[in-house]
Amino acid sequence: MLILKPGISYHKGKHAWFLSTKNTSYVIGVDIDTGLVLNLYWGSRLVTFTDIDLDNKLAPERSSQDPAITSASEEFPVFGGLRYGPDLLRIQFESNGTRELDLIYKDGTTLGDDNDDVEKTELVITLEDKVHTGCRVRLKYKLDIDNDLIIRSASVLADGEETLILTKAHTAAWYIPPPATSCQRELISLAGAWAAETQVQTHSLEPGTSHVLQSTRGIPSAQAYPYFAVKDQVSDGEHNDCEVHFGSLGWSGNWAIELHTDIQGKVAITGGMNDRDFEHRLNNTAFELPEFVAGFTVEGLSGARKCLTNHIRDHKDKSLVKNPKCVAPVLYNGWEAYDFRVTFDNQKQMAQKAAHLGAELFVLDDGWFHKRNSDKAGLGDWFADKVKFPNGLKPLADYVHGLGMLFGLWFEPEMVNPDSDLYREHPDWVYHYPDRTRHLERNQLVLNITKQQVQDYLLERIVSTVKSVGIDYIKWDMNRPISEAGSQFGKAVWTEHVHAFNYLISEVKKATGLIRIETCCSGGGRADLSILKKTESCWPSDNTRPDARISIQYGASLIMPGNSMSCWVTDSPNDDPYTNIPIAYRFHVSFMGALGIGSNLNGLSDTELEEYRGWISLYKELRDVLQMGDLDWLVVPTSKPSAYTAVTQTVKDNAAVVLAFRQSSPFWLPLCPIRLRGLAVCALYDVRIWNRDPKQPVFTGIMSGSALMNKGLDLPYLTSKAYSSAVVHLVQKAS
């Protein structure tokens, strides 16, 4: 009997493919009679071809009101025939006006070496319309074996002379069968707003209901994140199983993910480009659909987090990211100190202070360019302001480099202020309709970056500035959604803007020796899987309040790797005299990812500056674990007064770092020991704990893995004071 290996195995007799990762299997079969391609299984790893019943047939119809094709688990359901459920593709054939498709299986090919000992990790299945044979769809599957993920994409092909009019084009459909046990099935999504991104939401998936997650703003948006997780939590107390099916879209524009639960509890999930104001005309060409990545785990949201974050870290675009496994430098950004009032002198002074603290990257934010004294003017004129920087930016960059730091610069390439030389010269370079108001947000309009002239201008300005100044890092911002999207592309503009954005990112990187780029969109408004793979870091939110950031970072951690998630220590909330958050607490929250400093260093005392220096030094010691390890939330964020606010544990190799927080303690009640996870039971660990002083641990000792996981770790330092926290470092002793 053949034992299935990781990779893609084809069962010729049953016309089925088994896609096997380390811990999961996904099975696809072809119904030879109808030509339909069906999903047969998605779950824990299968061992042999006979582990499931390979009956690649439509189920019998229940009634004339329940067509079999509607309830079938089609890999690529389309609009047409007796399908009344979710669909992925809608096409009108221009030749005769037909608005329905009838796609059937044409062929399937696994890609890779013919050697049986070599894993095959790619599969391509081609579907063809029965009548309009020039219309084909190519389904693409790739496996991330180690991270238990299936990466799906697709191409719509117009091979003949006939024109196809696309009005909807989603990437993939996924199916979760009705739960086998009496469990509560829940949808986990990420919703939010500006300064309140990635808030974890829980929705009941009741039979006969639908949920739509989406953005129509031209960007992924802060309001919703292209992510889903369907959680089966056994609630009878007999088992601790928590199965999760989860996934995320890699698309930096309008998107939608739909979840439909039928009356029996089966869940169908579809997703891709949003079809609002969507149309593409294809003639003798191909239309590529974005990646939709999904996986299955029995280890709950913690397992799903590990799979997705490691996938992004392991599968960065190597043509754009120089060193995907590199830890992020400690950053300083002086926006909160000077906002638009930056000058050569005050930035030079701030750089000296930042270097003394231990910063490794100094970023000059908004305000450096021509006549940029507020957010009302200057965007688009990417020339150093001669009043603020009389000799340009190079003297500052040279000074920063002389201090041993990298130099970064803020851009917002897709935007323009009406009060700018660029707009006065080229008012036609923005998205607009001749008979509609050009609506301003943050006093700015959106450049039509699908125009070649606009792309050429932006590339010349950014690349020449990077090269002439000596810039090592770009913070790429976008501070408003797209509106009045009139362009030469018609309704295709929403897709073409994303392609143009990706082109600009790619060309800037390739022309500058793969410069580091941080993606930012008024915070986390453009942080999808696609841009995370193309860039080194991401700004999750403009909100840097530590109490808010715990919640934001909890949601963001479901997809952002630690070395990509920018976490800053700032003075926020500096407009609230009644909230006094200790420096230690601010740093401990920011230890969760790539540490940055945004405080006004001019307002800190010598004692406070020395504390900053101490925490930065400690962070560097722990950085490899915090940025490159597997993050687990031992306690998810809560507002209960007599509990931990949150506790995280990050593990890498034989070391771990625990971050524990207590936001309030109105009753002075002690906290129970916190049980750690994933340690070696019989191993001994060197344990150090810091509370308020980065230079002086409050505890140093040796504990067994068994004690740490079963009895738990006592943290009495979090008992009596609000905003108390602790950092714990564990290293396994050599046996």
query = Taking the range 280-305, which residues are closer than 30 Å to VAL636 by Cα and among the hydrophobic types (A, V, I, L, M, F, W, C)?
reply = PHE292, VAL293, ALA294, PHE296, VAL298, LEU301, ALA304
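Every residue, every condition in (1) surrounded by 21 or more Cβ atoms within 10 Å (Cβ to Cβ); (2) modelled with pLDDT under 95; (3) closer than 14 Å to GLU484 by Cα, yes or no:
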site	(1), (2), (3)
LYS376	no, no, no
PRO390	no, no, no
ASN417	yes, no, no
ASP421	no, no, no
GLU425	no, no, no
ARG436	no, no, yes
VAL454	yes, no, no
Selection from the range 677-730 of residues that are charged (D, E, K, R) and in contact with a helix residue (DSSP H, G or I) (Cβ under 7 Å, 6 or more places away or on another chain) = ARG677, ARG692, LYS695
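Looking at this structure, is GLY380 open to solvent by less than 10 Å² (accessible area, probe 1.4 Å), within 30 Å of GLU610 (Cβ to Cβ), part of a loop (DSSP other than H, G, I, E, B) and at pLDDT 95 or above? Outline the logic, then answer.
Working: open to solvent by less than 10 Å² (accessible area, probe 1.4 Å): yes; within 30 Å of GLU610 (Cβ to Cβ): no; part of a loop (DSSP other than H, G, I, E, B): yes; at pLDDT 95 or above: yes.
The answer is no for GLY380.
Scanning for something more than 30 Å from SER735 (Cβ to Cβ) and either open to solvent by less than 70 Å² (accessible area, probe 1.4 Å) or touching a Pro at 6+ places or on another chain (Cβ under 6 Å) (or both), does the range 675-690 turn up at least one residue?
no
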message = I'd like to check something: does the range 42-63 contain any residue that is more than 25 Å from VAL230 (Cβ to Cβ) and among the aromatic types (Phe, Trp, Tyr)?
response = yes
message = Tally up the residues in the range 494-544 that are touching a Lys or Arg at 6+ places or on another chain (Cβ under 9 Å) and among the charged types (D, E, K, R), please.
response = 6
inquiry  = For the range 478-529, give me each residue that is open to solvent by 10 Å² or more (accessible area, probe 1.4 Å), of a type in the set (D, E, K, R) and either touching an Asp or Glu at 6+ places or on another chain (Cβ under 7 Å) or under 26 Å from PHE228 (Cα atoms) (or both).
reply    = ARG480, LYS491, GLU496, ARG516
request  = Filter the range 60-93 down to residues that are in contact (Cβ under 8 Å) with a residue 24 or more places away in the chain, open to solvent by 50 Å² or more (accessible area, probe 1.4 Å) and assigned to a loop (DSSP other than H, G, I, E, B), then give me how many there are.
outcome  = 1
request  = Answer yes if at least one residue in the range 531-538 is surrounded by fewer than 23 Cβ atoms within 10 Å (Cβ to Cβ) and either part of a strand (DSSP E or B) or more than 19 Å from the chain's Cα centre (by Cα) (or both), and no otherwise.
outcome  = no
inquiry  = I need the full set of residues from the range 569-605 which are of a type in the set (A, V, I, L, M, F, W, C) and either under 15 Å from GLY358 (Cβ atoms) or buried (at least 24 other Cβ atoms within 10 Å of the Cβ) (or both), in order please.
reply    = VAL569, ILE583, PHE587, VAL589, PHE591, MET592, ALA594, LEU595, ILE597, LEU601, LEU604
request  = Tell me which of these PHE407 doesn't satisfy, since it passes every other one: (1) more than 24 Å from TRP539 (Cβ to Cβ); (2) in contact (Cβ under 8 Å) with a residue 60 or more places away in the chain; (3) not charged (D, E, K, R).
outcome  = (1)
request  = Please enumerate the residues belonging to the range 323-374 that are open to solvent by 20 Å² or more (accessible area, probe 1.4 Å), within 18 Å of GLY614 (Cα to Cα) and either outside any loop (DSSP other than H, G, I, E, B) or modelled with pLDDT under 95 (or both).
outcome  = GLN352, LYS353, ALA355, HIS356
task = Please list, ordered by first then second residue, the pairs with beta carbon atoms under 7 Å, 6 or more apart or interchain, first in the range 13-27 and open to solvent by 10 Å² or more (accessible area, probe 1.4 Å), second part of a strand (DSSP E or B).
result = LYS14/GLY29; HIS15/GLY29; HIS15/VAL30; ASN23/SER44
task = For THR181, work out the one condition from (1) open to solvent by 60 Å² or more (accessible area, probe 1.4 Å); (2) polar (S, T, N, Q); (3) under 20 Å from VAL78 (Cα atoms) it doesn't fulfil.
result = (3)
inquiry  = Can you report the number of residues in the range 702-735 which are farther than 22 Å from PHE591 by Cα, open to solvent by 20 Å² or more (accessible area, probe 1.4 Å) and either of a type in the set (Val, Ile, Thr) or not in a loop (DSSP other than H, G, I, E, B) (or both)?
reply    = 8
task = Mind listing whichever residues of the range 136-152 are closer than 13 Å to ILE8 by Cβ and acidic (Asp, Glu)?
result = ASP144
Conditions (1) farther than 28 Å from VAL493 by Cβ; (2) buried (at least 21 other Cβ atoms within 10 Å of the Cβ); number of the one not met by SER215 = (1)
inquiry  = Taking the conditions exactly as written (over 23 Å from SER487 (Cβ atoms), open to solvent by 10 Å² or more (accessible area, probe 1.4 Å) and touching a residue at least 24 places away in the same chain (Cβ under 8 Å)), does ALA397 satisfy them or not?
reply    = no
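Need at least 2 residues that are under 21 Å from the mean Cα position of the chain (by Cα) and closer than 22 Å to ASN502 by Cβ per element, so show me which strands (runs of 3 or more DSSP E) inside the range 134-233 make the cut, counting only ones lying wholly within it. Show your work before the answer.
Working: elements: 135-144, 149-158, 164-176, 183-191, 199-204, 210-215.
In the range 134-233, 135-144, 149-158, 164-176, 210-215 are the strands (runs of 3 or more DSSP E) which contain 2 or more residues that are under 21 Å from the mean Cα position of the chain (by Cα) and closer than 22 Å to ASN502 by Cβ.
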note = Subset of the range 261-274, residues closer than 18 Å to ARG152 by Cβ and either of a type outside the set (S, T, N, Q) or not assigned by the TED database to the domain that holds PRO86 (or both), comes to VAL267, ALA268, ILE269, GLY271, GLY272, MET273
inquiry  = Scan the range 445-452 and tell me whether some residue there is open to solvent by 10 Å² or more (accessible area, probe 1.4 Å), more than 23 Å from GLU496 (Cβ to Cβ) and either among the hydrophobic types (A, V, I, L, M, F, W, C) or at pLDDT 95 or above (or both).
reply    = no
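The values are calculated or read from the model by the stated rules, or taken from the named source; none is laboratory data. Predicted model, so just to flag it, every value in this text is computed and none were measured. Using ideal geometry, Cβ is built from the backbone for each residue, glycine included, and neighbour counts are taken over all protein chains shown. Note: areas computed on protein heavy atoms with side chains; ligands, DNA, RNA excluded. Shrake-Rupley method; radii C 1.70, N 1.55, O 1.52, S 1.80 Å.
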